[in-house]
């Protein structure tokens, strides 16, 4: 009878406190833990790499869509490794603190324990019900049969109740656990933005012996950028590119694609409207007041803020062959961002805009290879920007500056003379299995596991989650800021860097137009 | 006092019948008409070119946003009502020919009512002024009181009538915006079957092997991925892959370079625009069957064609005549809901939710728009001829024209996989339909010859420009043509020569080794 107390009225919203205080509080049996998950307790560093991760907190559904039960149910579930979290509680706790995350580990652990216990209770009841059913197969006194019928009925009711509770508890666990950030590479500096470490610095700021213009002024004087018309037609922070700027955008993208394809990356164009669940699975928040994501009216679709999203989605819910890995993509897309909450000087001109063109790299690989490809990606970025003659530095971003999906992130900041400071032009992140656990991207190792018990040839090796990495190859507007401002001449013209010239019909110089 | 009958209760929605039956029914004085608008009664043909136009019907606002005020139009088209009235028969025939559901009688009635109400308002204003004037002198106190009372009454009546006038003008806009542009006299009258073939180039390629459609080629050559896109985005979305990405870039680069040679200025455009711009260009951003994706929580939409931000770039401005023509070639992505589209013609890349397109747009003097319409179709024909396509150019029949078009040339190319011709481009002369909505005028350099000369300071009056738009390259449909027409027996696809320099010299898309 005490089981009935566990039943939650359908109308009561499931909250952490409901579960954590009312349900089982007995500690989880240690023996079971060790028995089931001992294979995780191997070398130390790889354990941290094995991120279990979790997306940025799922936000409340807007009021007009709310119904208590259905709205709360997550549309999809991340394969979060709760056992690993429990077994590495201290490391996870420190990581959450270092990353300045508001994830609630205690709540996760409590909910998980409750869930495991409830699951066991459900299994116990099922067994009991089976026993009752078995007993009823034999010859029985009618009174005994009546008793069993009654008991069976009661067990069935309890089970229905508990199974409902289990579903709710699992949903709640997802909800709370998805806010746990990825683990962090041990070499990442701990701290805020100021703690980020400079990995590399290339070139030096160009010295001008004439008064310089910023890209806005150059864009106006050379008839390259029209913000004013776009403000009328679309809103602020939209723009038209015009004349040589259009050719420069195409040249940047063509040249970037051709360079990156040489490294074995497959070119793609992607959908720019995607289901909002894909946005969430990649670790972005498509809803809420401060969302960066434009939503389509009347559908569950969003505009992409980066090609990383459709790239992450392309192999969603699939098991890849190990021999197919790594998959290396370079995708061209337009990107759309609300830039809610962005204001101030750093938002001037092309630096922060609602729509822009970008070439984005994306790698899907085995866990043991992700660090290698992270270095390949940053190397490609550095080579590209060096070829264009930019002055830049590469940063190993500090823990508090990492988004939830990143295990490690290298940013490149280039010198922008008009701003008189460095500005971010690209970013390369290793997301380890944070995204793949949400997107359901696995691979099947070619070799059978060495350590597992061999039960015969038919036994396929277990699937593993792939690692995903993403990196900017060319975010056009910020590249334009750099190129226009750094390559301006005293006469108001702008020199085109040599590598781009063959991609814009041999143009070497953007000259002021004759009016 | 009878004027009070004219007042509409604020809670009563303004409808055509309300106005047309309750308000003034006396005919409009003919003398005034002739006096004011005689300059329109000149040569006959140009009159038809002088379109007054009107966008596709403004749709009902969705229930969630409704309040009385939402019926107020956000913007007004400068519709030439006098011209409509004076060319009633031509307009009526045009509406019928174009299979439009515009209600000309309602427009004319509302317009007449509006004019009469306007005169009544002016009369009352004058009366009120007279009363005010009388009160300036010395008066008996009883006379003063009478005048105060009369002034008060007049003021109240005026307020009421002015409110009615605003509502009547809004209603007139609402109803009149559904009147389509006039039609070029050479356009064939009738439905789709009546469209006339202007030109036919090439002939269908004969294949001596079983051909594949572009979907099969796209799969076999690892060029197009619809399946992943269906999971990530929905049906009718796609990823381009490998050589298809290079082919898209080559098509756009080559097209841009060709069209720039003709003096067109290259542009990239915003792809999110205010919905009012969409309306002003003659598209319907709302309603169940809209082709337009709207952004949640804003008044913004995704563009279905770069024509929209191109039309908007000079919105609400007066251009110098010397600046005309303005010729643009813009690259953008386009987004369409394709609501209601279904069936065989929607297979593969033929009808998709998102695609890349290079679009030409011309802003010119009215007298030049026919010339530029022919320039645009010529550019299209030259481009498709260079790519070796088999196609025909059609002068689209009246019932096949959208509301903004005065005349439209479509190009249909042979698509072997479909075994039929499919539309790959379209060139429209919208005359002043869009410019009257977008507010794009120019000031002639020369003073008017016929107008009364009142001195050198008199600037010539502004006129509405004409706008034209034409597809230079809609990438997915070009891909259908190129893949299907240039396939080889071994499953490879030949790249047409003009595109090769734009894709790193690639001559052939070969099946990948797995």
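Quick note: the coordinates plus some simple rules give every number you see, no bench work behind them. Please read all numbers here as calculations on a predicted model, not as lab measurements. Don't worry about glycine lacking a Cβ; one is built from the backbone with ideal geometry, like all the others, and counts go over all protein chains shown.
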Query raised in the report: So how far apart, in nm, are the two label points at residue A:93 and residue A:447 if each is 7 Å from Cα heading toward Cβ?
Result: 3.8 nm
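Highest mean first, what order results for B:238-250, B:217-229 on Cβ atoms within 10 Å?
Numbers: B:238-250: 23.2, B:217-229: 19.8.
Order by mean packing, descending: B:238-250, B:217-229.
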Query raised in the report: Once you average over the residues of A:296-307, how many Cβ atoms of partner chains fall within 10 Å of each Cβ?
Result: 4
Query raised in the report: Could the peptides A:74-81, B:392-399 be put in order, highest first, of the mean number of other beta-carbon atoms found within 10 Å of their residues?
Result: B:392-399, A:74-81
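Report the far tail of the P(r) of the stretch B:287-328, meaning the percent of Cα-Cα pairs longer than 13 Å. Present the calculation step by step, with values, prior to reporting the outcome.
Details: 591 of 861 pairs.
Everything past 13 Å amounts to 69 percent.
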Requested in this report: Grab the beta carbon distance between residue B:265 and residue B:163, set R0 = 41 Å, and tell me the FRET efficiency rounded to 0.05.
Outcome: 0.30
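Tell me the relative contact order for the stretch B:221-294 as a rounded percent, counting alpha carbon contacts under 8 Å between residues six or more apart. Please report the intermediate quantities before stating the final value.
Values: 46 pairs, mean separation 11.4, N = 74.
Result for the stretch B:221-294 is 15 percent.
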**Report entry** Exposure proxy ranking, count of Cβ atoms within 10 Å, fewest first, for B:280, A:89, A:137
**Finding:** A:137, A:89, B:280
Query raised in the report: Roughly how many Å is it from the Cα centre of the stretch A:464-505 to that of the stretch A:128-194, as a whole number?
Result: 55 Å
Query raised in the report: Using a basic spin-label model with each label point 7 Å from the Cα along Cα→Cβ, how many nm lie between residue A:210 and residue B:371?
Result: 3.9 nm
Requested in this report: Using only alpha carbon pairs under 8 Å that are at least six residues apart, calculate the relative contact order of the stretch A:372-515 and give it in whole percent.
Outcome: 21 percent
Report summary line: Between the modelled labels at residue B:378 and residue A:513 (7 Å from Cα along Cα→Cβ) the distance in nm is 2.3 nm
Report task. For a label point 7 Å from the Cα of residue B:220 along Cα→C-beta, name the residues of the stretch B:475-514 whose backbone N is under 13 Å from it. Result -> B:483-494, B:509-512
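Report the relative contact order of the stretch A:288-400, percent, no decimals, based on alpha-carbon pairs under 8 angstrom and at least 6 residues apart. Show your work: numbers first, answer last.
Numbers: 114 pairs, mean separation 29.1, N = 113.
Relative CO of the stretch A:288-400 lands at 26 percent.
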Query raised in the report: With a 10 Å Cβ neighbour count serving as the proxy for reagent exposure, in which order, fewest first, do A:144, B:140 appear?
Result: B:140, A:144
Query raised in the report: Where in the stretch B:471-497 does the label zone of residue B:386 land, with the point 7 angstrom along Cα→C-beta and an amide N cut-off under 20 Å?
Result: B:471-483, B:485-486, B:494-497
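Taking 45 Å as R0, compute the FRET efficiency from the Cβ-Cβ separation of residue A:421 and residue B:203 and round it to 0.05.
Details: r = 63 Å, r/R0 = 1.39.
Efficiency computed from Cβ-Cβ geometry: 0.10.
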Report summary line: Note: B:259-268 gets an average of partner chain Cβ contacts (10 Å, Cβ to Cβ) equal to 4
Requested in this report: Please order B:315, A:480, A:361 by the number of other Cβ within 10 Å, starting at the fewest.
Outcome: B:315, A:480, A:361
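Kindly state, to the nearest 0.05, the FRET efficiency for residue A:153 paired with residue A:187, given R0 = 60 Å and r defined as their beta-carbon distance. Write out the running numbers ahead of the final one.
On the way: r = 61 Å, r/R0 = 1.02.
E(calc), rounded to 0.05, equals 0.45.
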Report summary line: By the C-alpha gyration tensor axes a ≥ b ≥ c (rounded if a/c is under 1.5, else prolate when a/b exceeds b/c, else oblate), the shape of the stretch B:207-348 is oblate
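Under the definition of partner shielding as Cβ atoms of other protein chains within 10 Å of a residue Cβ, what is the mean value for peptide B:326-333?
2
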